[in-house]
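See below for the structure under consideration.
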Amino acid sequence: DTAVSQTPKYLVTQMGNDKSIKCEQNLGHDTMYWYKQDSKKFLKIMFSYNNKELIINETVPNRFSPKSPDKAHLNLHINSLELGDSAVYFCASSPPRSSGGNEQFFGPGTRLTVL
Amino acid sequence: AQSVSQHNHHVILSEAASLELGCNYSYGGTVNLFWYVQYPGQHLQLLLKYFSGDPLVKGIKGFEAEFIKSKFSFNLRKPSVQWSDTAEYFCAVRRSGNTGKLIFGQGTTLQVKP
């Protein structure tokens, strides 16, 4: 009965590689997000999609490209990985505003380590 | 720039002590306010939220928070902490009417000694 799931949970890779992180939610939500949590635990939004449409893009390098094949999935592809990309990446989703609830539900996180 | 500040970065308490974690934000318009908790190795979970109405909101596990509009604050409280409350606590703000973006504070690490 997982609500927001991410794969993989851990990802260790070399600089310069390209990798993807997948996110799926089974809550029927319309909006999904990607957040980055750095080594100091600071959480910052990267992207948001609403019904497969990009609505937030927070000055993230264009090496990061989100892809939403349908409203239940929001994947994050990262090209040419750099050391500074090492972080925990959290996916989240939220229901439509019209439902009255705008709490975000978070996935378990993906710890990315770039060597 | 809009920001959220959590004054306490690392708090150490003994069990049964009272807890208050500060949170201030800089945005002057209507806001929605949240406290999330991240237990070791786990994802973020919502503790409580404020949208409107009674400024004193009660959440799960005995936590509560008070929204003081004049002080731009949303402090988290618990009268008696337990060892199981050891976790990272994040305050977050969302500007009403925007795209849903949450602005997080830098987090407070709470360590409760048994």
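Read the figures in this text as sums done on the coordinates, not as results from a lab. Since this is a predicted model, take the numbers as computed values, not measurements. Heads up, the Cβs are rebuilt from the backbone with ideal geometry, glycines too, and the neighbour counts pull from every protein chain shown.
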Quick query: amide H of A:I56 versus all other amide H atoms, modeled in the peptide plane; which residues come in under 5 Å with a sequence gap of 5 or more or a different chain? A:S48
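Can you order the peptides A:85-94, A:5-14, A:44-53 by their average number of other Cβ atoms within 10 Å per residue, highest first?
Values: A:85-94: 22.7, A:5-14: 14.2, A:44-53: 18.4.
Going by the mean number of other Cβ atoms within 10 Å, highest first, we get A:85-94, A:44-53, A:5-14.
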Distance between the C-alpha centers of the stretch B:1-27 and the stretch A:24-58? Whole Å please. 24
For the stretch B:74-86, Karplus-derived ³J(HN,Hα) couplings (6.51, -1.76, 1.60; θ = phi - 60°; whole Hz; x for glycine and proline) come out as 8, 7, 9, 9, 8, x, 8, 7, 10, 3, 6, 7, 4
Eligible aspartates and glutamates near A:K41 by straight Cα distance, threshold 17 Å, same-chain separation 8 or greater: A:D85, B:E88
Please compare each pair in A:K71/B:K49; A:K71/B:K78; A:K19/A:K40; B:K69/B:K101; A:K52/B:K61 to a cut-off of 30 Å on the Cα-Cα distance and tell me which ones are over it. A:K71/B:K78; A:K52/B:K61
Read phi for every residue in the stretch A:59-75 and hand back ³J(HN,Hα) as whole Hz from Karplus 6.51 cos²θ - 1.76 cosθ + 1.60, θ = phi - 60°, with x for Gly and Pro. 6, 8, x, 6, 5, 9, 10, x, 9, 10, x, 7, 6, 8, 10, 9, 9
Mind pulling the per residue volume of the convex hull built on the Cα atoms of the protein assembly as shown? Å³ is fine. 127
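B:K69: net charge of surrounding residues, Cβ under 15 Å, Lys/Arg +1, Asp/Glu -1, itself excluded? Don't jump to the answer; show the numbers that get you there.
Values: positive: B:K71, B:R95; negative: B:D54, B:E66.
Local net charge: 0.
Give, rounded to the nearest 20 debye, the magnitude of the charge dipole that chain A has about its Cα centre when Lys and Arg contribute +1 at Cβ and Asp and Glu contribute -1 at Cβ. Please report the intermediate quantities before stating the final value.
Details: 13 positive and 11 negative charges, 42 e Å.
Dipole size: approximately 200 debye.
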